[in-house]
Amino acid sequence: MPSDWAPPLSPQEDAPLVRINHITKEYLRGDEKVIALGDVSFSISYGTVAVVLGPSGGGKSTLLHILGGMDRPTTGNIYVLGDDISHWKSDQLAQYRRETVGFIFQSFHLIANMTALENVELPLMLAGVPKEHRHLRAMELLDRVGLADRHNHKPGELSGGQAQRVAIARALAADPPLILADEPTGNLDSQSGEEIMALLTSLAHEDGHCVVIVTHNEDFIPYADKVLRIKDGHVQEQVQSPPPSTHPIQRGNLNRAGWLTLYALAWHSLVHRLARGLLTGLGIAIGVAAMVLLIGLGSGLKSNVVQSVLSLGPLNAINVSPQAAHSQSGGILSPNVVSGPSRPITQKTLDRFSRLPGARGAYLNATFVAGATYKGRSTTAAVNPLPPEKFWHVPGVLPTIIQGHVSDKPLHALVPLSVAQALVGGTHPKVSQLLGKTIVFRVETVSGSLFTGQGLTGPSHPIRNQSIIVSGFVNSGLGFVPYSTAMTWFKEFSSNTHDLHYPGATVLAHSLSQVTPLTHRIGSMGYSTTTLQQALQSINKSFGLIETGLGAVGGIALVVAGLMIGVVMSMAVLERRREIGILRAIGARKRDISRLFLLEALSIGLIGGIVGIGVGSAVGYAINAVVDHSPQISHGIFTLPLWLVGTGLLFGAGVSIIAGAVPASHASSLNPVDALRQE
Ligand code: ADP
Ligand code: MG
């Protein structure tokens, strides 16, 4: 493993840093085989300047790429510090480039949106060097190349000579023993060219690096300790001067880039392409907002419906109807109830129900419909009996009272808010004035509980002019009168007061777990039953479907947003080929590149998700504010449960990661040499 290498403690004069042994490199251009290098052998030591000369197409760059671990030879070996790197895997070569090689290119290959300082820091970031250290080191190197005062300039604000100095400082960042320069003066005027050559030579002769410079300028031969003439893939070696005695470069304690460092790089690139990032994030935000809003509305509506069902009675109540059970299913609130042969419910039946195992008690259930009149205003009210007072301590048996109190006195009533509003009248009715007042009831009909969905029964003669005292208000459609009052009314309706047939009964179970067995017992006696438990189950089922449907609409929006991210990221990979090539040349691993792109996509997704949750819930709460005044809505119809926030974020992040995965893997699989060739 490369991490096991150690540089020789005291190198012999003739111990080469690099030894190239019978290297060939062939390319396929279509069907034609191109021999870029044919049987090349040479070696170079520390402290040496080797100048590679030759015509265009001679194989100079190919040689440099193989020396630098950017490409592998077709046959032959390269020994670096005694290790044969010619068959190393991609990650090992990346580490080799990070720690042992510094590349300098003809067109500088600085990253345009980073300052000189940031460019020099980049290899150290990829090598996992902590911020303060790499900062100090980069400043020191900029000083070494004479550009300390330009550290805050971007490459576009520097002259060609200055840009190449920054590139040299970057190549030196990790203090690599081997410096490779591919036509470093090719884009410079002759004055700057001489300065760069002098600087590169000093790196070898003063600091002990091994410097290989590719050029086609014969004027630079005097800088060389060794000249390698390369033509048609063959090398002629010519030693000019023996290498001066130098100290070998001690390789530093380098590592590789951690997630945080990569995140800093991803964030940097995101900030410098802010408009595009925002546009992509907008897609995610719209998708998440739609999802949060729709699902939030669905779950809010559900909890309102559940709440109003719960206001119908306690969960341990079983509503019994005299109609025999029928296999056919009814509506949400009456799953088993369809009219069949009637089995009477009498006081005796109630006593039998009360004695069933698991039963706490049983009492009459009926709905009376009455015309209500107050000070000349009239409306219709439906009222149920309250449970007998001995059951009032059972949690949930009493309705929720908005104002006033529950009373067991005959002819006292809890009145639905909507009835009270109709009786008081006006645009902003003050219903509280009705408390304690008397309203006149004309009881028209009695039926089984509305809850059991039974048809109207009962006589045709109304009970006239019952003076009812309003003791309180309830927020449901049904009002309540004391049990005794209901029994009195019921007897008045019945022709035979000795054999009363009740339209319905409520049986209270001792506990929730006894509801189902008790329901079966009552059913086997030939009665049909409905429980709030069943009702809640079917509500949950129906709303589950609604929520899934609403969520799917938001999901589709997210998929579209995901496609958008995918397209934008793919474009970014094409556009940033050169940047990817540079990062790879200075030692980024394949997975560093793919992580970089994934982290960028993830940031977009998370920010989009947060904005989407914000916008979606803002719209939701605005809807709540509008419907707030409606008495049917006990709490807002939009709710934002914590799981929905989590799901929103998860979807934003998930979609962006999925969408970013293909472009990221594409980016990481780019060949660094090809990526850099794109000009
Ligand atoms: P130089 O740098 O001396 O100008 P190169 O090393 O770039 O030469 O190229 C040497 C030869 O190999 C040329 O004929 C070139 O066209 C060919 N070559 C280099 N890279 C590739 C490649 N990726 N695919 C096909 N041919 C290539
Ligand atoms: Mg070249």
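In table form, for the structure just shown:
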| read-out | value |
| --- | --- |
| Conditions (1) more than 49 Å from the chain's Cα centre (by Cα); (2) closer than 16 Å to HIS234 by Cβ; number of the one not met by THR74 | (1) |
| Total residues in the range 362-403, condition outside any strand (DSSP E or B) and either in contact (Cβ under 8 Å) with a residue 40 or more places away in the chain or surrounded by fewer than 17 Cβ atoms within 10 Å (Cβ to Cβ) (or both) | 18 |
| Qualifying position, being assigned by TED's automatic domain parsing to the domain that holds PRO184, open to solvent by less than 30 Å² (accessible area, probe 1.4 Å), among the aliphatic types (A, V, I, L, M) and away from ligand 2 (no atom under 16 Å from the Cβ), among ILE44, ILE66, ILE111 | ILE44 |
| Residue that is open to solvent by less than 20 Å² (accessible area, probe 1.4 Å) and out of contact with any Leu (no Cβ under 6 Å at 6 or more places or on another chain), where the choices are GLY646, GLY587, GLY612 | GLY612 |
| Residue within the range 182-194 that is surrounded by fewer than 24 Cβ atoms within 10 Å (Cβ to Cβ), closer than 26 Å to GLY54 by Cβ and in contact with a Pro (Cβ under 8 Å, 6 or more places away or on another chain) present | no |
| Matching helices (runs of 4 or more DSSP H) fully within the range 497-611 where at least 2 residues are hydroxyl-bearing (Ser, Thr, Tyr) and over 16 Å from ALA661 (Cα atoms) | 515-524, 532-575 |
| Condition met for ALA181 (on the phi < 0 side of the Ramachandran plot, assigned to a helix (DSSP H, G or I) and touching a residue at least 24 places away in the same chain (Cβ under 8 Å)) | no |
| Meets criteria (within 14 Å of ligand 2 (Cβ to nearest atom) and not aromatic (Phe, Trp, Tyr)) for THR100 | no |
| Residue pairs meeting the criteria (Cβ under 6 Å; at least 6 apart or on separate chains; first open to solvent by 50 Å² or more (accessible area, probe 1.4 Å), in the range 431-447; second part of a loop (DSSP other than H, G, I, E, B)) | ARG442/PRO462; GLU444/PRO462 |
| Top-ranked residue of the range 131-172 - restricted to ones that are in contact (Cβ under 8 Å) with a residue 40 or more places away in the chain and of a type in the set (D, E, K, R), ranked as farthest from THR185 (Cα to Cα) | LYS154 |
| Selection count where residues are outside any loop (DSSP other than H, G, I, E, B) and within 9 Å of ligand 1 (Cβ to nearest atom), scope the range 37-74 | 8 |
| Among (1) modelled with pLDDT of 85 or more; (2) open to solvent by 10 Å² or more (accessible area, probe 1.4 Å) - the single one ASN253 does not satisfy | (1) |
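The rows are residues; the columns are (1) on the phi > 0 side of the Ramachandran plot; (2) of a type in the set (Gly, Ala, Ser).
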site: ASP175; (1), (2): yes, no
site: GLU194; (1), (2): no, no
site: ALA198; (1), (2): no, yes
site: VAL211; (1), (2): no, no
site: VAL214; (1), (2): no, no
site: ASP232; (1), (2): yes, no
site: GLN236; (1), (2): no, no
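The values are calculated or read from the model by the stated rules, or taken from the named source; none is laboratory data. Remember, predicted model here, so these are calculated numbers, not experimental data. Cβ: placed from backbone, ideal geometry, glycine included. Neighbour counts: every protein chain shown. Only protein heavy atoms, including side chains, enter the accessible area calculation; ligands, DNA and RNA are left aside. Shrake-Rupley method; radii C 1.70, N 1.55, O 1.52, S 1.80 Å.
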